[in-house]
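The values are calculated or read from the model by the stated rules, or taken from the named source; none is laboratory data. This is a predicted model, so every value here is computed, not measured. No Cβ is skipped: glycine too gets one built from the backbone with ideal geometry, and neighbour counts run over all protein chains shown. The accessibility values were calculated without ligands, DNA or RNA, using every heavy atom of the protein model including side chains. Shrake-Rupley method; radii C 1.70, N 1.55, O 1.52, S 1.80 Å.
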Amino acid sequence: MRPPPGRQRLSREFIARHQRARIVAALAEETMEKGYRAVTVADIVRRAGIARNTFYDNFSSKEDCFLATQDFAVEESLRRVVDAAAEEEGWEARLAAGLGAFLKYVGSEPALARTCIVEALSAGDAAQERYEQSLQAFIPLLQLGREDSPFAGDLPETLEETIIGGIFWVIYQRIVQGQTEQIESLLPDLVDFALTPYIGAESAQRA
């Protein structure tokens, strides 16, 4: 949101943060409409309602802005996941709450979701590397399940990567098919998918 009209006593830090957020949002919206490769700095500047030099005060290039957008989305989604999980008791409930918070965030931010989950895969090496790092960031929440799993000794080392990759692939498909509004409804199936290797099918379905 823009600050209200009139003289404002706003710190330089607040103004800079506000401008940066508007630029990130503008890039995401333009990317959702046109695809990353077709977006120009001029497009971002126009949608953000800023001067061109303001863009370059914050970012060195369109790619730099794209990477910052990825970082913003990952940080915000992780914050929501951790906050939701912290309100529950027991690993299964925490995983379900965290996953639910993540799906809700993705569903409520279609432009960011498409930018960071779909467009990132074709936006260059740096963006792909950021995408892989974002997947890795969610792995610790799953690894906690090994501590209480009756199958701990038999679980493969790559299990968490496989589960996270599968969840992101399902979300990717819904975004590409224009079904972002349906993403939250995936929660029961994805919780079942994530928990089954650790606690068995029956317990996962109950959870």
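Pairing residues of the stretch 109-128 that are under 15 Å from W169 (Cβ atoms) with residues that are of a type in the set (D, E, K, R) and open to solvent by 20 Å² or more (accessible area, probe 1.4 Å), at Cβ distances under 9 Å and at least 6 apart in sequence or on separate chains, gives C116/R130; A120/R130. Could you say whether any residue in the stretch 24-45 is touching a Leu at 6+ places or on another chain (Cβ under 9 Å), open to solvent by 40 Å² or more (accessible area, probe 1.4 Å), under 24 Å from D125 (Cβ atoms) and not polar (S, T, N, Q)? Yes: one or more hits. Taking the stretch 119-154 as the range and being in contact with a Ser or Thr (Cβ under 9 Å, 6 or more places away or on another chain) and over 21 Å from D83 (Cα atoms) as the test, the residues that pass are E119, A120, A123, Q128.
The residues of the stretch 106-125 that are of a type in the set (A, V, I, L, M, F, W, C), assigned to a helix (DSSP H, G or I) and open to solvent by less than 60 Å² (accessible area, probe 1.4 Å), listed by number, are V106, A111, L112, A113, C116, I117, V118, A120. For the stretch 82-103, the candidate set comprises residues that are in contact (Cβ under 8 Å) with a residue 12 or more places away in the chain and not hydrophobic (A, V, I, L, M, F, W, C); within that set, the residue that is least open to solvent (accessible area, probe 1.4 Å) is G98. Within the set G153, G178, G124, the sole residue that is at positive phi and out of contact with any helix residue (DSSP H, G or I) (no Cβ under 7 Å at 6 or more places or on another chain) turns out to be G178. For the stretch 126-136, the criterion of a residue being among the small types (G, A, S), open to solvent by 20 Å² or more (accessible area, probe 1.4 Å) and within 22 Å of R94 (Cβ to Cβ) is satisfied by no position. Within the stretch 138-166, restricting attention to residues that are open to solvent by 20 Å² or more (accessible area, probe 1.4 Å) and of a type in the set (D, E, K, R), the residue that is nearest to Q128 (Cα to Cα) is E161.
Output the residue which, of all residues in the stretch 46-60 that are assigned to a loop (DSSP other than H, G, I, E, B) and touching a residue at least 12 places away in the same chain (Cβ under 8 Å), is surrounded by the fewest Cβ atoms within 10 Å (Cβ to Cβ).
Within the stretch 46-60, the subset assigned to a loop (DSSP other than H, G, I, E, B) is 49-51, 59-60.
Of the ones still in play, those that are also touching a residue at least 12 places away in the same chain (Cβ under 8 Å) are 49-50, 59.
Numbers: G49: 12, I50: 17, F59: 21.
Among residues in the stretch 46-60 that are assigned to a loop (DSSP other than H, G, I, E, B) and touching a residue at least 12 places away in the same chain (Cβ under 8 Å), the one surrounded by the fewest Cβ atoms within 10 Å (Cβ to Cβ) is G49.
Taken over the stretch 129-152, the criterion of being free of Cβ contacts under 8 Å to residues at least 24 places away in the same chain and among the acidic types (D, E) is satisfied by E129, E132.
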